[in-house]
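The values are calculated or read from the model by the stated rules, or taken from the named source; none is laboratory data. Note that the structure is predicted; figures quoted are calculated from it, not measured. Positions of Cβ are generated from backbone atoms using ideal geometry, with glycine treated the same way; all protein chains shown enter the neighbour counts.
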């Protein structure tokens, strides 16, 4: 890999600022958004910046448990060969939750030096962003992450349980939406999360108590760089998990960790800026969509079903889709309506945006963002016409039409011409094979409920 003078300067400055640095975690997000990579001693950092580092391409062929999915064709079929990886510029930062001076940086994998690796979700998103740039448009986006804090000790059944609040000493049991007192109970933890985020230049802003015991939401600020926004979302997840562990809690981004409580989503906000930085979605005072926004919304409606497997990738993802949990089951849109899939929030006209409310917290941010942006672009480029908005309770007024189980979602993705054009047939093959093996393995296990129900069968 070629020497990069600018990158070397970045590394040299960082090492000079942190002379006691012990090691650096090199992080590469896989198909699931799980961070893979290596830990190197500090003295090797400059070499990595100058020469890159090599990791097997099969990193993107791993299931959620880290097993290579050979049907992808990028395992043994290629000799499990290495691919060059380079540091993502400006991602190098200290890791404040470690007990010794440690740092981290993101990697991106390449096919060959200077050419992105086809199976890299970050590359998929980058290509879609290029299409907007070619039309003189820049997506302005923000990510909201919901998660659950949990007790590190599970129930005897193996199920998760809510945490014990540090101040009250009581186990969380109630839904306290937007309760400030709940934030006070966990203020030390949330403050440390925010501090770690700011130390890593991740623009985390609002912390909110959500719809279930131990559930919280942390929002990232809007930025005009979708790839960077997803980098930040991935790293914020690491912060939340690591800092929570240091405080004696578990943290999970499972879409539905509790059967009787609200699931966790990853809402994405999106607007579009022109070459002058003006929001082209800006609406009138009634927040009714203009032509460009209408086409973007229509594109998202038209492609949502075909991309559900990217928005909701796991078997557990589909357990979120239940009535009365603010999860839309049809590609509906509306103004200031939290029961629809595509919400236009209230606010000043210059801040008009789409809030995409379907993807789960378990989705890979790069792929969820890719589904959103490619859908909007599809609507804009094909001059799609938007249908009427949904008012009132969308769950009652519009029948479910999205694929609401793993099998149907992946069947639609596999057969989608739109998806092949938007994400690449090679990438989709790898992605679907990885998830298919995970699904097959999931189905090999017999649950306690099955035994309780079906052992009496004659």
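Points worth noting:
- The range 112-124, residues that are out of contact with any strand residue (DSSP E or B) (no Cβ under 7 Å at 6 or more places or on another chain) and part of a loop (DSSP other than H, G, I, E, B): 114, 119
- Residue check for residue 323: surrounded by fewer than 23 Cβ atoms within 10 Å (Cβ to Cβ), in contact with a helix residue (DSSP H, G or I) (Cβ under 8 Å, 6 or more places away or on another chain), farther than 16 Å from residue 392 by Cα and at pLDDT below 95: no
- Hits in the range 56-82 - residues which are without any contact (Cβ under 8 Å) to a residue 60 or more places away in the chain and either part of a helix (DSSP H, G or I) or more than 25 Å from the chain's Cα centre (by Cα) (or both): 58, 59, 70, 75, 76, 77, 78, 79, 80, 81, 82
- The listed residue being free of Cβ contacts under 8 Å to residues at least 12 places away in the same chain and either on the phi < 0 side of the Ramachandran plot or not assigned by TED's automatic domain parsing to the domain that holds residue 381 (or both), out of 291, 303: 291
- Per the listing 77, 63, the residue uniquely touching a helix residue (DSSP H, G or I) at 6+ places or on another chain (Cβ under 6 Å) and within 30 Å of residue 442 (Cα to Cα) is 63.
- Of all the listed residues (109, 140), the sole one being touching a strand residue (DSSP E or B) at 6+ places or on another chain (Cβ under 6 Å), modelled with pLDDT of 95 or more and not assigned by TED's automatic domain parsing to the domain that holds residue 220 is 109.
- So residue 271, is it closer than 26 Å to residue 28 by Cβ and either in the same structural domain as residue 369 (by TED's automatic domain parsing) or touching a strand residue (DSSP E or B) at 6+ places or on another chain (Cβ under 9 Å) (or both): no
- Residues satisfying the stated conditions in the range 86-95, i.e. over 20 Å from residue 30 (Cα atoms) and assigned to a strand (DSSP E or B): 93, 94
- Set 127, 98, 133: member being within 24 Å of residue 244 (Cα to Cα) and not in a strand (DSSP E or B): 98
This table checks each residue for (1) crowded, with 18+ Cβ neighbours inside 10 Å; (2) assigned to a strand (DSSP E or B); (3) on the phi < 0 side of the Ramachandran plot.
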{"position": "9", "(1), (2), (3)": "no, no, yes"}
{"position": "16", "(1), (2), (3)": "no, no, yes"}
{"position": "19", "(1), (2), (3)": "no, no, yes"}
{"position": "33", "(1), (2), (3)": "yes, no, no"}
{"position": "38", "(1), (2), (3)": "no, yes, yes"}
{"position": "49", "(1), (2), (3)": "yes, no, yes"}
{"position": "84", "(1), (2), (3)": "yes, yes, yes"}
{"position": "103", "(1), (2), (3)": "yes, yes, yes"}
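- Residue 134 fulfils the conditions (1) closer than 30 Å to residue 344 by Cα; (2) in contact with a helix residue (DSSP H, G or I) (Cβ under 8 Å, 6 or more places away or on another chain); (3) modelled with pLDDT of 95 or more except for a single criterion, (2).
Results for (1) touching a strand residue (DSSP E or B) at 6+ places or on another chain (Cβ under 6 Å); (2) surrounded by fewer than 20 Cβ atoms within 10 Å (Cβ to Cβ); (3) modelled with pLDDT under 95, shown as yes or no for each residue.
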position	(1), (2), (3)
348	no, yes, yes
354	yes, no, no
365	no, no, no
395	no, no, yes
408	no, yes, no
416	no, yes, no
419	no, no, no
429	no, yes, no
434	no, no, no
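- When residue 395 is tested against (1) touching a helix residue (DSSP H, G or I) at 6+ places or on another chain (Cβ under 8 Å); (2) assigned to a helix (DSSP H, G or I), just one condition goes unmet, and that condition is (1).
- The range 327-339, residues that are surrounded by fewer than 20 Cβ atoms within 10 Å (Cβ to Cβ) and either under 19 Å from the mean Cα position of the chain (by Cα) or without any contact (Cβ under 8 Å) to a residue 24 or more places away in the chain (or both): 338
- Meets criteria (over 30 Å from residue 449 (Cβ atoms), surrounded by 22 or more Cβ atoms within 10 Å (Cβ to Cβ) and either assigned by TED's automatic domain parsing to the domain that holds residue 356 or more than 16 Å from the chain's Cα centre (by Cα) (or both)) for residue 257: no
- For the residues 297, 273, the requirement of being modelled with pLDDT of 95 or more and surrounded by fewer than 21 Cβ atoms within 10 Å (Cβ to Cβ) singles out 273.
- Test: residue in the range 380-390 that is closer than 13 Å to residue 333 by Cβ and without any contact (Cβ under 8 Å) to a residue 24 or more places away in the chain: yes
- Count of residues meeting criterion [surrounded by fewer than 21 Cβ atoms within 10 Å (Cβ to Cβ) and either closer than 12 Å to residue 436 by Cα or in the same structural domain as residue 316 (by TED's automatic domain parsing) (or both)] in the range 64-76: 3
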